[in-house]
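**Q** The structure under discussion is supplied below as structure tokens; questions concerning it will follow.
Just so it is clear, none of the values below were taken in a lab; they were calculated from the coordinates. Just so it is clear, the structure is predicted and the values come from calculations on it, not from any experiment. FYI the Cβ positions are ideal-geometry reconstructions off the backbone, even for glycines, and counts take in every protein chain you see.
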Amino acid sequence: MSDQPKLSTPYVQNEPIRTDRLILRRLTLDDLDRYADYYGKPDVARYILTLPLSREESEAELRTWIARDRVEQSGDMIFFGVQIGGDPTLIGEVPIKIASVEHRTAEIGWIFHPEVAGNGYATEAARTLLEICFDVLGMRRVVAYLDARNDASANVCKRLGMRQEAHFRENLFNLGEWKSTFVFAILDDEWRGATERG
Amino acid sequence: MDEPAKLNLPFEFVPIDTERLRLRHYRLDDLDALHSWRSREDVTRYQDYDVQTREESQRSLERATARVTMAVQGDGFVWAIERRDDGQVIGDIILFLDSIEHALGEIGWTLHPDYQGKGYATEAARGVMKLAFETIGMHRIKANLDPRNHASEALCLRLGMRREAHYVEDFWSKGEWTDSYIYAILAREWRANQ
């Protein structure tokens, strides 16, 4: 196909990853109470295109993602659970998905409990995802999709140096309404330039 | 609450007649016509396929003729664009079903360079959009194009489409990282323009 570098895959979730304030680690069944708590909230579901989940649905979802701990092919996705320092309480999750092996593109996201909003945790966790994508996996491009009304998430993208590349009008029908989508993206050389400038 | 779109599926292939054109199902004897543009570098430069051999064009033709029903995501139609006055096949046009849940479609067109600049692609695209919105019941139609393809972009604008995305270097094509534009139009915007 091309003489482009190959991805460094498979990538397997192993040791917890520490950031300034957070730990990104594997989800466990001990997270169920908190997981079901935020997935049950309509204001969380509204922006992530799912109905609010019952506890049973949350448990099924959580078990699905606990079982997936590696990415290798296009479409593979893993979720990191996020906690603050040594406190094991789950405050949210950050997913990485291989969007395209051929085009070395990943998709990232973030879902946090509303009670921890406004502390920069999503930005801090997502910055770690970008490091994994570019420095570990060897991605060339990373994208994020978000509800066009989700100002908080758009601001996370901007703080990460991502560029808004799309505003799709009414491309999703969910929970009784047509929704619009933003797409943000960043390339590896842009990421490195931003990182070097500090 | 908004109304979800109600798609009229499964939908069987239909020909479309416009003022100067007949959009019809490809036939296996259209190979000469199809290959006349798929073998040209100036046509394939901005497409997602390379210049084709006659055998590759033959396979493309066979795939196109096999598409007769739109029922599930990924299904689509390919119409040969035939000029009504002389029966000449001058290009083709596609409509694909991107999503049933969200009633999304994608349109795309190719015209032999000898027949460009005469409004044929616009006329064909209007015919397909009318079918997509008014008969199949799609909510939104997009077109994906290479930003260097100015003729296609001009056509999107004539159709009333809006540029909704500029993806920077999102795919590797013909030896280089390439950008994409996505244009789109909603059913109600289409109706308002009629």
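**Q** Quick one: how many residues across the range B:165-185 are in a strand (DSSP E or B), within 9 Å of chain A (Cβ to nearest Cβ) and surrounded by fewer than 20 Cβ atoms within 10 Å (Cβ to Cβ)?
**A** Count: 6.
**Q** Could you pull out every one of the strands (runs of 3 or more DSSP E) wholly within the range B:62-164 that has 3 or more residues that are farther than 18 Å from B:Trp37 by Cα and touching a strand residue (DSSP E or B) at 6+ places or on another chain (Cβ under 8 Å)?
**A** Once the strands (runs of 3 or more DSSP E) in the range B:62-164 are filtered for at least 3 residues that are farther than 18 Å from B:Trp37 by Cα and touching a strand residue (DSSP E or B) at 6+ places or on another chain (Cβ under 8 Å), what remains is B:89-99, B:104-111, B:140-145.
**Q** From the list A:Leu130, A:Leu146, exactly one residue is in a strand (DSSP E or B), more than 13 Å from chain B (Cβ to nearest Cβ), touching a residue at least 40 places away in the same chain (Cβ under 8 Å) and surrounded by 15 or more Cβ atoms within 10 Å (Cβ to Cβ). Which is it?
**A** Going through A:Leu130, A:Leu146 in turn, just one is in a strand (DSSP E or B), more than 13 Å from chain B (Cβ to nearest Cβ), touching a residue at least 40 places away in the same chain (Cβ under 8 Å) and surrounded by 15 or more Cβ atoms within 10 Å (Cβ to Cβ): A:Leu146.
**Q** Ok, one more. Please specify each residue of the range A:133-143 satisfying the condition of being on the phi < 0 side of the Ramachandran plot and either touching a Leu at 6+ places or on another chain (Cβ under 8 Å) or part of a helix (DSSP H, G or I) (or both).
**A** The answer is A:Cys133, A:Phe134, A:Asp135, A:Val136, A:Leu137, A:Met139, A:Arg140, A:Arg141, A:Val142.
**Q** Let me ask another. Take the range A:14-30 and flag every residue that is in contact with a strand residue (DSSP E or B) (Cβ under 6 Å, 6 or more places away or on another chain) and surrounded by 16 or more Cβ atoms within 10 Å (Cβ to Cβ).
**A** Within the range A:14-30, A:Ile17, A:Leu22, A:Ile23, A:Leu24, A:Arg25, A:Leu27 meet the criteria.
**Q** Taking the condition of being at the interface with another protein chain (Cβ under 7 Å from one of its Cβ atoms) and part of a strand (DSSP E or B), how many residues in the range A:164-192 meet it?
**A** Summing the residues that are at the interface with another protein chain (Cβ under 7 Å from one of its Cβ atoms) and part of a strand (DSSP E or B) in the range A:164-192 gives 14.
**Q** Filter the range A:35-52 for residues that are aliphatic (A, V, I, L, M) and either crowded, with 17+ Cβ neighbours inside 10 Å or not in a helix (DSSP H, G or I) (or both) and give the result.
**A** A:Ala36, A:Val44, A:Ala45, A:Leu49, A:Leu51
**Q** Let me ask another. State whether one or more residues within the range B:133-143 are surrounded by fewer than 19 Cβ atoms within 10 Å (Cβ to Cβ) and over 17 Å from B:His102 (Cα atoms).
**A** Checked against the condition, which is being surrounded by fewer than 19 Cβ atoms within 10 Å (Cβ to Cβ) and over 17 Å from B:His102 (Cα atoms), the range B:133-143 yields no hits at all.
**Q** How many residues are outside any helix (DSSP H, G or I), touching a residue at least 60 places away in the same chain (Cβ under 8 Å) and more than 30 Å from A:Asn174 (Cβ to Cβ) when one looks only at the range B:18-56?
**A** Total meeting the criteria: 12.
**Q** Answer with yes or no whether A:Glu124 is more than 14 Å from chain B (Cβ to nearest Cβ) and not in a strand (DSSP E or B).
**A** yes
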